[in-house]
Each structure stands twice: as C-alpha cells, then as structure tokens.
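The values are calculated or read from the model by the stated rules, or taken from the named source; none is laboratory data. Here the structure is a predicted model, which means the values were calculated and not measured. In this analysis, Cβ positions are derived from the backbone assuming ideal geometry, glycine residues included, and neighbour counts consider all displayed protein chains. The accessibility values were calculated without ligands, DNA or RNA, using every heavy atom of the protein model including side chains. Shrake-Rupley method; radii C 1.70, N 1.55, O 1.52, S 1.80 Å.
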Amino acid sequence: MMRIVDIVEGTSVDGPGLRTSIYFAGCDHRCPGCHNPQTWPHDAGSDFTVEQVMEVVRRADFNVTFSGGDPMYQAERILPLARAIKDAGYTIWCYTGFTLEQLKDVPGAPELLKLIDVLVDGPYIAALRDTTLPFRGSSNQRVIRLTL
Ligand code: SF4
C-alpha cells in the first residue's frame, strides 16, 4: 500500500506533454512557500494498491509523474508501482526535495532511481524562485536525465 493524496490525469505542468501526476503523501522538507503543504503529513490522503493506481494510469494512457509531498519518503513502497508503470511502457518523472546525492542514503531510493527517467531534485527555495524555468520552481533545482 502507498499513501496518495491525489492522482491527476492530463496535467501539463509536471514534465513534458500531458501526464498522469501522482501526489504522494508525506514531506519533511517544509520549504517556505511550498505550494502543497496539505501533502506534508505522512498520513494525508488514502491508501492505494499498485493495481488501483495502474487502473488510472492505463485508462489515462499518459506518461507518469511522481510528485507530492516527496515520493522518496515512500520509495520502498513505490518500487512495485514504478516497475508496473515501466513494464506498461510509460516514462516516469519524479520530483523530490532531496538532492540526487542525498538520495543514496534514503531507504529504497537508489532502487527507485533505476526506474525513473527524469529526476527534478532539491528543495524549493523561495529566494531562488524563477518562473521562466520549465518544470521547476527555483533555480537550485535540477532536471536530471537518468535514462532518457
Ligand atoms: S519538497 Fe516539495 S512538497 Fe516538500 S516542502 Fe518542499 S516544495 Fe513542498
């Protein structure tokens, strides 16, 4: 089971093209100015099985984005879903408040990174806010191609 706050089909702001965005519960980064503070509690939203999420992903038939919250707090639990999404032929973008370097110490994150195509990393820093940057909120964040 994964804890998910919302699943949005057909969003255009969380990566290229129309995508299915999955907003996972839980974030301890607490960036000032965060757009989604309602996702911070780790028990926000509801429990979902892999099959419940895959039903939405298949029906929408878009590539997928993991957002939140910070999906990396549930990295171990998300692994089977990430495998199912990749097996079904979709790409995965993932947003995280951790840096890529920090993720090597987060349980399950190194394994999850192997299934992610593009990682947008780092906390949102309001002083570095830049609305001209595609798919990220502040200039410290990096769009890192892992497999694409
Ligand atoms: S990492 Fe993302 S969800 Fe978490 S507090 Fe920062 S901006 Fe908000």
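Looking only at the chain, where both bridge partners belong to it, what percent of the DSSP beta bridges are antiparallel (to the nearest 5)?
55
Considering all projection directions equally, how large on average is the shadow of the alpha-carbon convex hull of the chain, in square nanometres?
With the hull built on Cα positions only, its mean projection is 7.8 nm².
Using 0.36 nm per residue of separation minus the Cα-Cα distance, give me the extension gain between D105 and T11 in nm, one decimal.
30.7 nm
Report, by chain and number, residues whose modeled amide H sits under 5 Å from the one on F24, excluding near sequence neighbours (fewer than 5 apart, same chain).
Amide H neighbours of F24, under 5 Å, 5+ apart: V5, S67, G68.
With a 1.4 Å probe and every protein chain kept in, tell me what percent of the accessible surface of the chain is carbon plus sulfur.
In the chain, the share of accessible area belonging to carbon and sulfur is 53 percent.
Would you mind counting up the charge near T39? Only other residues with Cβ under 9 Å from its Cβ, with Lys and Arg at +1 and Asp and Glu at -1.
Summing Lys/Arg as +1 and Asp/Glu as -1 gives -2.
Please compute the per residue accessible area over segment 2-145 with all protein chains in place, 1.4 Å probe, rounded to a whole number of Å².
48
Treating the beta-carbon of each Lys and Arg as +1 and of each Asp and Glu as -1, no other charges, what is the dipole magnitude of the chain about its Cα centre, to the nearest 20 debye?
300
Under a Cβ-Cβ cut-off of 14 Å, what is the net charge of the residues other than F98 that fall near it, where Lys and Arg count +1 and Asp and Glu count -1?
Charge balance near F98 sits at -2.
Place the peptides 36-43, 23-30 in order of packing, highest mean first, counting for every residue the other Cβ atoms within 10 Å and averaging per peptide.
Ranked by mean Cβ neighbours within 10 Å, highest first: 23-30, 36-43.
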